[in-house]
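Everything below concerns the one structure shown next.
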Protein chains: 2
Amino acid sequence: MSQLGKLYGLGVGPGDPELLTLKAHRILTTVPVIAYPSLENGKVLARAIVTDFIRPDQIEIQMPLPFSVERSSQPHYDSAAEKIAEQLNLGRDVAVLCVGDPMLYGTFMYIFTRLCDRFSIEVVPGISSVMASAAMLGVPITYRNDVFSIMPGTLEAEILRDRLSFVEAAAIIKLGRHFSKVRGILEELGLLERALYIERATLPNQQIIPITEVDSVAVPYWALILIPSNSKPQ
Amino acid sequence: MSQLGKLYGLGVGPGDPELLTLKAHRILTTVPVIAYPSLENGKVLARAIVTDFIRPDQIEIQMPLPFSVERSSQPHYDSAAEKIAEQLNLGRDVAVLCVGDPMLYGTFMYIFTRLCDRFSIEVVPGISSVMASAAMLGVPITYRNDVFSIMPGTLEAEILRDRLSFVEAAAIIKLGRHFSKVRGILEELGLLERALYIERATLPNQQIIPITEVDSVAVPYWALILIPSNSKPQ
């Protein structure tokens with residue numbers, strides 16, 4: 001009976017291939033099989049980030065996910081998990097690529113929960129787009145006793161308003177078509193002057209735009225608003 | 001007139017040297033000068049993490065910081081910033097090492113604010129102990145519409161209780177002597193069963209202990225409690 005392969009959840013960071021960790025790079029370049037999400041619109045960001053590191057003899061498993069949030073991703077994750085399990089059962093290690101960090105709003109978690117009872121899993125943390133954005137914007141996020149909240153722009157307006165109303169520092173992620181709603185709430189709460197907008201942090205097409213000049217219909221999913229702490233460091 | 005050196009804020013991650021990014025590794029191994037905080041009790045974690053990467057010909061600047069929170073760090077940062085500025089004025093690039101991520105509760109920010117008007121600065125994000133802890137604990141932090149808050153255990157009990165009372169997922173950092181207070185609040189809020197305790201994540205002496213068995217007088221500063229999301233992924 002052959003030994004089972006090991007499953008890796010590899011954070012590949014926000015976009016710049018140099019923001020892979022040494023560990024993710026080592027595992028990525030030595031496993032026989034890699035897997036990554038691909039959207040119906042052809043976007044495969046996780047693979048694009050590490051494209052220069054992939055060897056031609058590595059087996060690649062695409063995990064197609066529906067682009068529309070209206071359709072359930074569940075059957076897609078079921079099917080991807082089974083394709084990955086096939087390779088693990090053959091004794092091959094599989095690295096699932098994940099943009100940013102695998103445990104923070106990552107797609108890897110859906111594979112993790114499906115396979116954690118059957119296989120040995122190691123998660124390699126990755127640079128989150130939140131920290132990368134602060135680095136690119138050149139602003140410290142939090143000092144000393146600040147509370148820092150990360151929240152999706154997809155939340156209902158009421159919840160967002162509530163959570164943002166007593167925040168020391170925040171990042172609002174997954175903006176896309178929710179930008180106008182978020183911008184309105186920030187204005188209401190007097191936070192617009194502190195808010196910084198960045199899209200595709202560390203990618204070659206990164207954009208930093210004054211928030212009042214952002215075209216709300218052109219905001220991508222990979223955009224975020226950072227509200228750095230107002231505390232004064234000494 | 002000689003050209004000024006460039007200042008780098010290098011996130012060196014939570015402890016495992018392999019969790020440096022390729023970029024931090026490249027810069028660390030090529031700059032002529034490195035600087036790092038050292039506590040009065042002799043602890044120099046940032047340097048210890050990367051000790052195998054440091055060359056004997058690199059100039060090292062120690063930035064002594066008071067161990068006690070009762071004394072101001074301000075004159076120490078002033079003096080460290082001036083030592084760094086001297087090297088930059090000589091045209092030498094300087095990398096300031098920072099445990100975790102430089103912009104998230106990092107000591108680098110105090111150097112950043114002192115020198116950002118005079119020198120060119122590049123920040124290289126690092127793996128935060130929060131993401132590393134989730135990877136080590138093997139638990140996803142957040143799904144879909146969850147809000148995730150990072151808060152220091154040093155906060156007053158009332159504020160902590162308030163912030164934790166409606167949280168989907170949280171990390172409570174800087175525990176140390178504040179552990180008992182935090183544990184009490186989690187119990188009060190019915191969060192103790194979900195709370196996971198880890199100290200020195202990814203370091204050789206990492207410990208994962210059931211929270212009810214933690215010895216409150218032996219909790220280090222580099223310990224955190226993670227409350228993963230309660231949402232059920234599909």
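The values are calculated or read from the model by the stated rules, or taken from the named source; none is laboratory data. Quick caveat: nothing in here was measured; it's all calculated off a predicted structure. Cβ sites come from the backbone with ideal geometry, for glycine too, and all protein chains shown count toward neighbours.
Brief remarks follow.
- Scanning the range A:101-158 for residues that are among the polar types (S, T, N, Q), within 8 Å of another protein chain (Cβ to nearest Cβ) and under 29 Å from A:LYS6 (Cβ atoms), we see that the one that is surrounded by the fewest Cβ atoms within 10 Å (Cβ to Cβ) is A:THR113.
- Filtering the range B:212-228 to residues that are out of contact with any Pro (no Cβ under 7 Å at 6 or more places or on another chain), within 21 Å of B:ALA132 (Cα to Cα) and assigned to a loop (DSSP other than H, G, I, E, B) leaves B:VAL214, B:VAL219, B:PRO220, B:TYR221, B:TRP222.
- Residues that are free of Cβ contacts under 8 Å to residues at least 24 places away in the same chain and in contact with a strand residue (DSSP E or B) (Cβ under 9 Å, 6 or more places away or on another chain), drawn from the range B:1-29: B:GLU18, B:LEU22
- The condition of being closer than 20 Å to A:ASP101 by Cα, out of contact with any Leu (no Cβ under 8 Å at 6 or more places or on another chain) and either surrounded by fewer than 17 Cβ atoms within 10 Å (Cβ to Cβ) or not assigned by TED's automatic domain parsing to the domain that holds A:LEU45 (or both) holds for only one of A:ARG194, A:ARG200, that being A:ARG200.
- Qualifying residue in the range A:77-98 (condition: within 25 Å of B:VAL147 (Cβ to Cβ) and surrounded by fewer than 23 Cβ atoms within 10 Å (Cβ to Cβ)): yes
- Strands (runs of 3 or more DSSP E) lying entirely in the range B:1-110 (those with 2 or more residues that are more than 13 Å from the chain's Cα centre (by Cα) and of a type in the set (A, V, I, L, M)): B:33-39, B:59-65, B:94-98
- Enumeration of residues in the range A:123-174 that are in a helix (DSSP H, G or I) and in contact with a helix residue (DSSP H, G or I) (Cβ under 6 Å, 6 or more places away or on another chain): A:ALA157, A:LEU160, A:ARG161
- Test: residue in the range B:50-61 that is at pLDDT 90 or above and buried (at least 22 other Cβ atoms within 10 Å of the Cβ): no
- Pairs, first under 17 Å from A:PRO228 (Cβ atoms) in the range A:151-166, second of a type outside the set (A, V, I, L, M) and not in a loop (DSSP other than H, G, I, E, B), C-beta under 6 Å, six or more apart: A:MET151/A:ARG163
- All positions within the range B:158-174 that are modelled with pLDDT of 95 or more and more than 24 Å from A:ILE159 (Cα to Cα): B:ILE173
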